[in-house]
Amino acid sequence: MTATRRQASRAASAAAAPPRGWRLALALLVLALGSSFSVVYATHECRQLYARLQDLEATRWFLDEEYSRLLLEQSTWASPHRVEQVAERDMAMAPPALDRLRVLER
């Protein structure tokens, strides 16, 4: 009878105890879940940053286009022919007479 009690208590304790290596399995499960969440987060962050990059490139393209237009406008307004026309028409300026010109030597 004592032998059966010992066997029964061993069987009960063996059934109640978790299998060997359960801590390792739990640790690996936690690491796998953490890694999975990290991959999902990194993918989401990458997509957000790529969308932001696309917005910034579109803005840069728009600003480059506008800058090109402004350079063209500036060169048009600053052309010597345009400056001469404005000086004669709006400011009543005229080129000096030849007898008023002097050449200076260095």
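The values are calculated or read from the model by the stated rules, or taken from the named source; none is laboratory data. Please read all numbers here as calculations on a predicted model, not as lab measurements. No Cβ is skipped: glycine too gets one built from the backbone with ideal geometry, and neighbour counts run over all protein chains shown.
Among the residues that make up the range 81-92, is at least one of them in a loop (DSSP other than H, G, I, E, B) and loosely packed, with under 10 Cβ neighbours inside 10 Å? Full working, then the answer.
Going residue by residue through the range 81-92, those that are in a loop (DSSP other than H, G, I, E, B) are 91-92.
Now narrow it down to the ones that are loosely packed, with under 10 Cβ neighbours inside 10 Å: 91-92.
Yes - at least one qualifying residue is present in the range 81-92.
Given the criterion among the aromatic types (F, W, Y) and under 30 Å from A94 (Cβ atoms), identify the matching residue among W61, W22, W77.
W77
When you look at A42, is it in a helix (DSSP H, G or I), hydrophobic (A, V, I, L, M, F, W, C), surrounded by 10 or more Cβ atoms within 10 Å (Cβ to Cβ) and at pLDDT 90 or above, yes or no?
In short, yes.
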